[in-house]
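Comments concern the structure below.
What follows is calculated from the coordinates using simple rules that are stated; it is not laboratory data. None of these values were measured; they are calculated from a predicted model. Virtual Cβ from ideal backbone geometry, glycine too; neighbours counted across all protein chains shown.
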Amino acid sequence: MSTPAHRARLVLALRSAGIMDTLALSAIENVPRELFVPDAFQDRAYEDTALPIGYGQTLSQPLVVATMIQSLALSGREKLLEVGTGSGYHAAILSHLCRRVYTIERHRPLLADAQTRFDVLGLSKVVTMAGDGIKGWPEQAPFDRISVTAAGDAPPQQLLDQLKVGGIMIMPVGRQSRVQQLVRFRRTEDGIESEPLMDVRFVPLLPGVAEAAEA
Ligand code: SAH
């Protein structure tokens, strides 16, 4: 089941869970999550739950996506970098809320599928690259915002270096075997400020481009 009514119900659930950012909520309402979910999980596309997307990766829970987006305090003018395209769902929502979204994925087949979805939906503000997002995207830096959707032990220095002064980066931080924390980093004139937001569980941020054997 996947209709506008299901999307509206999901948005109501997010609102009652404390998401107040009306622009973020309407962007979520406008993106058909069923297009990003494998056939086997179509009936669960609008549950507030994480879902597998292949290659051992997951499409994040809508409440976590919404919390991350709300924490980025977007005005619509930002140049944003996403690390971990996955299905492309999170980037599709961000594309309605930013000037441009640059997104990097280390699994080429996942990126190809995400690119097809962006094309089908006409999301021309999303620019994709297969690569190691830990290194960021130096040719396009600096960024106003960075959204990392895989967990690492610490924020990669190369990503913090590609953030503008006044810019915000959101990333899950912690070890795989433990509960991780979603942390908001803000670059100031004096350095980096950090603020924990909520407990989360994400797949790991891994170095390099995935080899076929990893699939
Ligand atoms: N944002 C995605 C969910 C991401 S799951 C969505 O909306 O569907 C995390 C993704 O990060 C996985 O697809 C994984 O392959 C990717 N990833 C992990 N380490 C990475 C790295 N160093 N560079 C780029 N992508 C990475």
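Place a +1 charge on the Cβ of each Lys and Arg in the range 18-117 and a -1 charge on the Cβ of each Asp and Glu, then give the dipole magnitude about the Cα centre in debye, rounded to the nearest 20.
480
Distance in nm between label sites at residue 158 and residue 190, each 7 Å beyond Cα in the beta-carbon direction?
Between residue 158 and residue 190, the label points sit 3.0 nm apart.
From the alpha carbon gyration tensor of the chain, can you work out the equivalent ellipsoid semi-axes (sqrt of 5 times each eigenvalue) and give them in Å, largest to smallest?
Working from the Cα gyration tensor, I get semi-axes of 24, 20, 17 Å.
If you put +1 on each Lys and Arg Cβ and -1 on each Asp and Glu Cβ, how big is the dipole of the chain around its Cα centre, in Debye rounded to 20?
On the way: 22 positive and 24 negative charges, 67 e Å.
About 320 debye.
What FRET efficiency comes out for residue 116 versus residue 9 if R0 is 22 angstrom and r is the Cβ-Cβ distance? Round to the nearest 0.05. Before the final figure, lay out each step's value.
On the way: r = 27 Å, r/R0 = 1.24.
Result of the calculation: an efficiency of 0.20.
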